[in-house]
Amino acid sequence: MTGYALTHLRHVALAVPDFDKQLDFYTHQWGLSVAATDGDVTYLAAEGSPEQYVVRIRRSIDKRLDPVVFGAADPAAVDAIAEKLGRGGARLIGEPDRLHTPGAGYGFRFFDNEGRTIEISTEVEVRSHRKIEEGESIPVKLSHVVVNSADPESTVAFYENYFGFRTSDILMHPRMGDMMWFLRTNDRHHSMAVARGPHPALHHASFELRGIHEYMRGTGRMLRTGVEKIWGPGRHKAGDNTFSYFLDPNGNTMEYTTALEVVDEDSWHPHLYDFTQPEVADQWGTANALDEFVAAKSFNDPDKGPSHRRCEFRPAYQKGSQCDSPPSVSVDRPAPPSSPMTMYTCSRTEQGCWIWSGAGSRRRSMPGTVSWPMRRRYRPIRSFSRLRFVRRRSGTSSPSKNTSRACARPCRTAVVYPNPGTSHRISTSPTLTP
Ligand SMILES: [Fe+2]
């Protein structure tokens, strides 16, 4: 019994304006192969991976992080996760059902706490794959995904509480505090990491190569062909894995790695590493400086997915052309258990304002209006299970006095109060997440 709700990372999906260059990069330089094509969507597989595909690229006007997909053990596990998310007030895009992507399977999608689209699936058909031979410098499989978060404590709490992710290590900065959380969902040091950033976005996706030799050959191949290198080659302290970061044609950072640490659950204790120490960022001392250039590229562009969804929660009169969203459809779902909303905290993020509600006794002792610096001390990460996000929607009940003062602009709409024993409607916009 591991306690992990998810088994592993399956694939990441990218929407890109320059589709042709993106496809050429991943197939002719990065080392993936086309598994299937469906109109403006292409599925790319890693030769050594049993997954049907590890990257999906979609032709789009906007650059976006499309679904990040994790595996679950069986349909019952998928159903249990959907149920837990529904009870917690998360926004499901659809009920668990048969999938119609390569390999089919059973799963569903939802929006995480910052509006990323996440898919959980199981019983996906295994792809015929092969052993990567010595000297072959192509990805064996997808290793991990790292996301930027404007509210990383909440994002980490979301993944810990809903899926049982465990924190393997944390990177901190002496002045800026905790900066990156490495999360595991199996015995690998991390399948996912959350980085503090100015906006939700893809930080990087990482691909595992066969070994050090193949990793260095792959790194050299990228350099020789003129792919822009961001950082590396080197070896991190956290996870003990090697790294070489490159930019794809649409400005997403991709990593070649190998030798990611395997964690012993019984004896592992998370470390808090100061990443300004040179040997933490790069044990070998071979990488270029971890400077503003590396940071800026890692922040990536603000993800258009969460940005677009943010607009759905604005009153119509606040919507500009960039906020026009496709018509949404609604599905009835059981209302989550209602709790007394004794305090409210307004958090300004890329998605606009968020309202936090707290029902725990400790939370009741907090003042009704909490400023950003106070909220940092508040640190909801340790008690997220007693907290619930409530998105603001127009046409619902009035916000409290404290809330309206805290979020006078730009969030002037009200809070949704689910009533116990009744159902409420969860809007979904499938066209936002093809
Ligand atoms: Fe990485």
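The values are calculated or read from the model by the stated rules, or taken from the named source; none is laboratory data. Everything quoted here is computed from the prediction, not taken from an experiment. For neighbour counting, all protein chains shown are included, and Cβ atoms are generated from backbone atoms with ideal geometry for every residue, glycine included.
Note on segment 39-68: residues that are without any contact (Cβ under 8 Å) to a residue 40 or more places away in the chain and either buried (at least 23 other Cβ atoms within 10 Å of the Cβ) or in a strand (DSSP E or B) (or both) amount to 2. Do we find a residue being more than 16 Å from the chain's Cα centre (by Cα), in contact (Cβ under 8 Å) with a residue 24 or more places away in the chain, within 20 Å of residue 251 (Cβ to Cβ) and buried (at least 24 other Cβ atoms within 10 Å of the Cβ) anywhere in segment 192-209? Among the residues of segment 192-209, at least one is more than 16 Å from the chain's Cα centre (by Cα), in contact (Cβ under 8 Å) with a residue 24 or more places away in the chain, within 20 Å of residue 251 (Cβ to Cβ) and buried (at least 24 other Cβ atoms within 10 Å of the Cβ), which makes the answer yes.
In segment 263-298, what count of residues is obtained for those that are part of a strand (DSSP E or B) and either modelled with pLDDT under 95 or more than 16 Å from the ligand (Cβ to nearest atom) (or both)?
Summing the residues that are part of a strand (DSSP E or B) and either modelled with pLDDT under 95 or more than 16 Å from the ligand (Cβ to nearest atom) (or both) in segment 263-298 gives 3.
Looking across segment 143-192, the residues that are basic (Lys, Arg) and away from the ligand (no atom under 16 Å from the Cβ) come down to 166, 175. Selection of segment 209-251 for residues being part of a loop (DSSP other than H, G, I, E, B) and either within 13 Å of the ligand (Cβ to nearest atom) or not assigned by TED's automatic domain parsing to the domain that holds residue 141 (or both) yields 209, 236, 237, 238, 239, 240, 241. Within segment 225-245, residues that are without any contact (Cβ under 8 Å) to a residue 40 or more places away in the chain sit with their Cβ atoms under 6 Å from residues that are within 13 Å of the ligand (Cβ to nearest atom) and among the β-branched types (Val, Ile, Thr), at 6+ positions apart or across chains, in these pairs: 242/257; 242/258. Restricting the search to segment 69-98, which residues are charged (D, E, K, R) and assigned to a strand (DSSP E or B)? Result: 91, 97, 98. Each residue in segment 181-203 was checked for being in contact with a helix residue (DSSP H, G or I) (Cβ under 8 Å, 6 or more places away or on another chain) and assigned to a strand (DSSP E or B), and 8 pass.
When residues in segment 94-128 are screened for being of a type in the set (A, V, I, L, M) and on the phi > 0 side of the Ramachandran plot, 1 of them pass.
Is there a residue in segment 78-88 that is under 16 Å from the mean Cα position of the chain (by Cα) and either farther than 25 Å from residue 132 by Cα or buried (at least 22 other Cβ atoms within 10 Å of the Cβ) (or both)? Yes, there is a match, as at least one residue in segment 78-88 is under 16 Å from the mean Cα position of the chain (by Cα) and either farther than 25 Å from residue 132 by Cα or buried (at least 22 other Cβ atoms within 10 Å of the Cβ) (or both). Considering only residues in segment 27-38 that are surrounded by fewer than 24 Cβ atoms within 10 Å (Cβ to Cβ) and in contact (Cβ under 8 Å) with a residue 24 or more places away in the chain, the one that is nearest to residue 128 (Cα to Cα) turns out to be 35. Screening residue 221 with (1) closer than 24 Å to residue 279 by Cα; (2) in contact with a helix residue (DSSP H, G or I) (Cβ under 8 Å, 6 or more places away or on another chain); (3) among the charged types (D, E, K, R) gives one miss only, at (1). Restricting the search to segment 252-262, which residues are surrounded by fewer than 19 Cβ atoms within 10 Å (Cβ to Cβ) and either near the ligand (Cβ under 10 Å from one of its atoms) or more than 20 Å from residue 167 (Cβ to Cβ) (or both)? Answer for segment 252-262, where residues must be surrounded by fewer than 19 Cβ atoms within 10 Å (Cβ to Cβ) and either near the ligand (Cβ under 10 Å from one of its atoms) or more than 20 Å from residue 167 (Cβ to Cβ) (or both): just 259.
Conditions tested, residue by residue: (1) part of a strand (DSSP E or B); (2) surrounded by fewer than 21 Cβ atoms within 10 Å (Cβ to Cβ); (3) modelled with pLDDT of 95 or more.
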residue	(1), (2), (3)
133	no, yes, yes
144	yes, no, yes
147	yes, no, yes
153	no, no, yes
156	no, no, yes
160	no, yes, yes
169	yes, no, yes
172	yes, yes, yes
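Within the set 79, 40, 62, 18, the sole residue that is over 19 Å from residue 305 (Cβ atoms) and of a type in the set (Asp, Glu) turns out to be 79.
Going through (1) within 17 Å of the chain's Cα centre (by Cα); (2) crowded, with 19+ Cβ neighbours inside 10 Å; (3) aliphatic (A, V, I, L, M) one by one, residue 92 falls short only on (2). Among the residues of segment 1-38, those identified as among the acidic types (Asp, Glu) and in a helix (DSSP H, G or I) are 20, 24.
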